[in-house]
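Participant: Would you mind keeping the following structure in view while I ask a few things?
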């Protein structure tokens, strides 16, 4: 299965700095390494970070359109899509995308984490692997995977 993973922002890809947590410039490479170690089904992953990461506490309809256009531009090249997002507004993004892709025959899974991936006790890989499992199950449409639950995008809160 060919899966596109868009890192749009959020805690999941942050690292410490002198000014607090900041986006990890090498996040895509670190995630690829983790996925290569954890993915026993040998999926093909393409991971891209947005040049301007979304601050999920201020996500707007313009951001939802950016994500939708990104997915749409890659629609024919991938079997499934995972959107890594900040937790503050991931439910709103999931709902918006579910209306933008109302008749999707492919999985689009939004997820993120409460704790950055670099930390020992992170929920990052658990949520990413849960999103990958949802893709493998062949769900169709937009969903949010978080804390062990797969929720229809337009039902997330």
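Participant: Relative contact order for the chain using alpha-carbon pairs under 8 Å, separation at least 6, rounded to a whole percent? Don't skip to the end; give the middle numbers.
Facilitator: Details: 303 pairs, mean separation 42.2, N = 157.
That works out to 27 percent.
Participant: Ignoring everything except DSSP H segments at least 4 long, calculate the 222 nm mean residue ellipticity for the chain; use -39,500 (n - 2.57) per segment, divide by total residues, nearest 500.
Facilitator: Values: 4 runs with 49 residues, N = 157.
Result for the chain, helices only: -9500 deg cm²/dmol.
Participant: Based on the alpha carbons, how large is the Rg to Rh ratio for the chain when Rh follows Kirkwood? Before the final figure, lay out the partial values.
Facilitator: Numbers: Rg = 14.2 Å, Rh = 15.3 Å.
So for the chain, dividing Rg by the Kirkwood Rh gives 0.93.
Participant: Still on this structure, I have one more. Ranked highest first by the average count of other Cβ atoms within 10 Å around their residues, in what order do 88-95, 58-65 fall? If you can, show how the numbers build up before the last one.
Facilitator: Values: 88-95: 21.9, 58-65: 14.5.
My ranking of the peptides, most packed first, is 88-95, 58-65.
Participant: Counting DSSP beta bridges with both partners in the stretch 88-157, what percentage is antiparallel, nearest 5?
Facilitator: Values: 4 of 8 bridges.
Rounded to the nearest five, the antiparallel share is 50 percent.
Participant: Rounded to the nearest 5, what % of DSSP beta bridges with both residues in the chain are antiparallel? The partial results should precede the final answer.
Facilitator: Values: 8 of 27 bridges.
Here the antiparallel bridges make up roughly 30 percent for the chain.
Participant: What's the exposure ranking of 27, 81, going from fewest to most Cβ atoms within 10 Å?
Facilitator: Exposure proxy ranking, most exposed first: 27, 81.
Participant: Can I ask one more? Which whole-angstrom value gives the distance between the alpha carbon centres of the stretch 56-70 and the stretch 71-107?
Facilitator: Each part's Cα centre sits 11 Å from the other's.
Participant: Beta carbons within 10 angstrom, averaged per residue: use that to sort the peptides 136-144, 2-10, 28-36, highest first.
Facilitator: Ranked from most to least packed, the peptides come out as 2-10, 136-144, 28-36.
Participant: Could you tell me whether the stretch 82-147 comes out rounded, prolate or oblate from its Cα gyration tensor? Rule is a ≥ b ≥ c as square roots of the eigenvalues, rounded for a/c under 1.5, then prolate if a/b exceeds b/c, otherwise oblate.
Facilitator: The shape class here is oblate.
Participant: Tell me, what does the Kirkwood hydrodynamic radius of the stretch 116-157 come to in angstroms if you use every pair of distinct C-alpha atoms? Mind dumping the intermediate values first?
Facilitator: On the way: mean 1/r = 0.0910 Å⁻¹.
About 11.0 Å, per the Kirkwood formula over Cα pairs.
Participant: Give the order of 110, 120 when sorted by the count of other beta carbons within 10 angstrom, beginning with the fewest. Display every interim value, and only then the final one.
Facilitator: Working: 110 29, 120 5.
Result, fewest neighbours first: 120, 110.
None of the figures in this text is laboratory data; all of them are computed from the coordinates on show. Computed from a predicted model, the values in this text were never measured in an experiment. Note that we place each Cβ from the backbone using ideal geometry, even for glycine, and neighbour counts take in every protein chain shown.
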